[in-house]
Amino acid sequence: MKMVDAHAHVFLKDMPHIPDPRHRITYDFSIEQYLKVLDEHGVERALLAAASPYGDYNDYLIASVRANKARLRGTVILDPSVERNVLQGMKNDGIAGVRLPFISLKALPDMTGFEWQRTLRRIRDLDWHVHLHLDGPRLPQVLPVLEASGVKLAVDHFGRPDPKLGIRCAGFQMLLKLMENGRTWVKVSGIYRLGKAECASYGRELLRVHGPDRLLWASDCPFVGNEKVAKYRETIDAALEWVPDAAREKVFAENSSKLFF
């Protein structure tokens, strides 16, 4: 079975951290280590996601993608004041989108202002995607603005529904509705964060409503904060339990190949 990992991180322990990061990472997970993991599991290609502790220090990620463009793409974290020529240079290096790690924020930014609207338009013009990480209960504060901007959107970890509400979470329901626009994808990832049974429930509902065309399997390797309990193979096996045979090529490879490459 062909596989494309739609979400993983690489970093070095001496990279600069933002103040009060969500995680303070004290070890290396280099591009060489990650490529070895891909080889060991038969994964052909991948998307490297910018990790929130490093803010807009994207240098190592970009260098890793640039050196492996046949196999990798990446998303970066940016300040909305970034200039268009900088974005174009990143695209030339293999960057495919902008990550919004808003789950780390106590207060969400006002994305209706000029700087954010300008950046969203530039993302759209570059044919990139927005890569959103946010808890499900707050998705309704952000999704309408992203929908109105016309960007392509990939949402992390099933949209992280409120565990008490599950698929009835308002953010998850809004995400289901948004997927009707044909430019919204959901990452099949985060079992170690959300729970294996819960993820299966979310995944089956996504399949029931929309089929497999907008689902992207992802590992979230190296499982920051849960390194001792999460295993790469488990991220594959957990999805195989609920993704039917006929849908696996799309969920595990085809959809990510089309969106990122």
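Rule-based calculations on the coordinates, nothing more; no lab input. Remember, it's a predicted structure, so these values are computed and weren't measured experimentally. Using ideal geometry, Cβ is built from the backbone for each residue, glycine included, and neighbour counts are taken over all protein chains shown.
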What are the chymotrypsin sites (Phe, Trp or Tyr not before Pro) within segment 19-57 that DSSP puts in a loop, where the Cβ has at most 14 other Cβ atoms within 10 Å?
-> Tyr27
Count the DSSP beta bridges whose two residues both fall in the chain, then state the antiparallel fraction as a percent rounded to the nearest 5.
-> 5 percent
Treat the count of other C-beta atoms within 10 Å as a stand-in for reagent exposure and order Trp217, Trp116, Trp185 from fewest to most.
-> Trp116, Trp185, Trp217
Using the Kirkwood radius over Cα pairs of the chain, the Stokes-Einstein translational diffusion coefficient at 4 °C and 1.567 mPa s, in µm²/s and rounded to a whole number, is 71 µm²/s
Taking Cα atoms of segment 181-255, Rg/Rh with Kirkwood Rh, to two decimals?
-> 0.96
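So what's the back-of-envelope 222 nm ellipticity for the chain, counting only DSSP H runs of four-plus at -39500 (n - 2.57) apiece and dividing by all residues, rounded to 500?
-9500 deg cm²/dmol, from helical runs alone.
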Cα-centre dipole for the chain with unit charges at Cβ (Lys and Arg positive, Asp and Glu negative), debye to 20 = 380 debye
Report the residue, chosen from Ile62, Ile77, Ile25, that carries the largest GNM mean-square fluctuation when the chain is represented by alpha-carbon nodes joined by springs under 10 Å.
-> Ile25
Determine, for Leu259, Leu153, the number of other Cβ atoms within 10 Å of each Cβ, and report the residues in order from fewest to most.
-> Leu259, Leu153
